[in-house]
């Protein structure tokens, strides 16, 4: 359930099913929500947003969103743009991965230690973006 | 994405990120397409389909689709049907959980990023059920 009372930043991950990078985006979002910025970030259920979930769409219109996309198709970013708002920040898993060539997910089901480390790096970038948005 | 065989069935989960049910739906799809029926099924990115990707829309129109949703909002099913897809069957993990609990099982499904053994077992059981359905449809 989204909380409209407190100021928060939405994190939207593509969760793309075809690629390991989709799983990385998903786990990175959960690390932000569960560990790094639990009181400042909420997640947007992308399938619900895309299927027309009014509460999620209203949240995206009213609050800043950080998107995490697995690939260049940038489905999460497009989804936010389709709600009439530009994401406050966009993170692309493959771009971050290019900077850490040793970090790669083992598969789309199991990220493995290197994939998890990549997800954590991405989560840290997202957390910094949230801090910037909140003026810290 | 390429589909080499004409009879390939698409298994499309919601992958909802707000509930553990979405994680189970995603794992169910992977069990079917990677472990149980790798030559007869494949999956696709749901956001790609809903954002109107032409190739994704063509695939759901031309191939039978099975959706696996976490909750009763049925986002994957809605997305496939509104894209004009051929829906073969749809499954909801919440209904599978209710069925198990009705049989007296106390399920602890675990966390969104870390399923428990109960969550993993439910995913496997549901994947087997879906595979049987697909096999039956392909024979029939």
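The values are calculated or read from the model by the stated rules, or taken from the named source; none is laboratory data. Since this is a predicted model, take the numbers as computed values, not measurements. For neighbour counting, all protein chains shown are included, and Cβ atoms are generated from backbone atoms with ideal geometry for every residue, glycine included.
Check off (1) farther than 27 Å from residue A:77 by Cβ; (2) at pLDDT 95 or above for residue B:107 and give me the number that stays unchecked.
(2)
Can you tell me which residues in segment B:53-70 are more than 9 Å from chain A (Cβ to nearest Cβ) and surrounded by fewer than 20 Cβ atoms within 10 Å (Cβ to Cβ)?
B:54, B:55, B:57, B:58, B:61, B:62, B:64
Given the options B:110, B:84, name the one that is more than 17 Å from the chain's Cα centre (by Cα), surrounded by fewer than 13 Cβ atoms within 10 Å (Cβ to Cβ), touching a residue at least 24 places away in the same chain (Cβ under 8 Å) and away from chain A (no Cβ under 12 Å).
Result: B:84 is the single residue among B:110, B:84 that is more than 17 Å from the chain's Cα centre (by Cα), surrounded by fewer than 13 Cβ atoms within 10 Å (Cβ to Cβ), touching a residue at least 24 places away in the same chain (Cβ under 8 Å) and away from chain A (no Cβ under 12 Å).
For segment A:20-37, indicate whether the set of residues that are at pLDDT 90 or above and farther than 20 Å from residue B:114 by Cβ is non-empty.
No: zero hits.
Go through the residues of segment A:80-94 one by one and say whether even a single one is touching a helix residue (DSSP H, G or I) at 6+ places or on another chain (Cβ under 7 Å) and at the interface with chain B (Cβ under 8 Å from one of its Cβ atoms).
Checked against the condition, which is being touching a helix residue (DSSP H, G or I) at 6+ places or on another chain (Cβ under 7 Å) and at the interface with chain B (Cβ under 8 Å from one of its Cβ atoms), segment A:80-94 yields no hits at all.
For segment B:113-129, enumerate the residues that are in contact with a strand residue (DSSP E or B) (Cβ under 6 Å, 6 or more places away or on another chain) and either closer than 20 Å to residue B:34 by Cα or buried (at least 21 other Cβ atoms within 10 Å of the Cβ) (or both).
If the condition is that a residue be in contact with a strand residue (DSSP E or B) (Cβ under 6 Å, 6 or more places away or on another chain) and either closer than 20 Å to residue B:34 by Cα or buried (at least 21 other Cβ atoms within 10 Å of the Cβ) (or both), then B:119 is the only one that fits.
Is segment A:53-65 home to any residue that is under 19 Å from residue A:125 (Cα atoms) and either under 10 Å from the mean Cα position of the chain (by Cα) or within 12 Å of chain B (Cβ to nearest Cβ) (or both)?
Yes, that holds for at least one residue.
Please identify the pairs in which a residue from segment A:89-101 that is in contact (Cβ under 8 Å) with a residue 60 or more places away in the chain has its Cβ atom under 6 Å from the Cβ atom of a residue that is in a loop (DSSP other than H, G, I, E, B) and surrounded by 21 or more Cβ atoms within 10 Å (Cβ to Cβ), counting only partners at least 6 apart or on another chain.
That search, which allows pairs on different chains as well, returns A:93/A:70.
Does segment B:4-21 include one or more residues that are over 14 Å from the mean Cα position of the chain (by Cα), buried (at least 24 other Cβ atoms within 10 Å of the Cβ) and either at pLDDT below 95 or under 23 Å from residue A:42 (Cα atoms) (or both)?
Yes, segment B:4-21 contains at least one residue that is over 14 Å from the mean Cα position of the chain (by Cα), buried (at least 24 other Cβ atoms within 10 Å of the Cβ) and either at pLDDT below 95 or under 23 Å from residue A:42 (Cα atoms) (or both).
Out of A:105, A:58, A:76, A:98, which single residue is over 19 Å from residue B:50 (Cβ atoms) and in a helix (DSSP H, G or I)?
A:98
Working only within segment B:28-52, note down all residues that are facing chain A (nearest Cβ under 8 Å), within 16 Å of residue B:87 (Cβ to Cβ) and touching a strand residue (DSSP E or B) at 6+ places or on another chain (Cβ under 9 Å).
Residues satisfying the conditions are B:29, B:43, B:44, B:46.
Search segment A:34-46 for residues being in a helix (DSSP H, G or I) and surrounded by fewer than 21 Cβ atoms within 10 Å (Cβ to Cβ), and hand back the single one that is farthest from the other protein chains (Cβ to nearest Cβ).
Only one residue fits best here, namely A:36.
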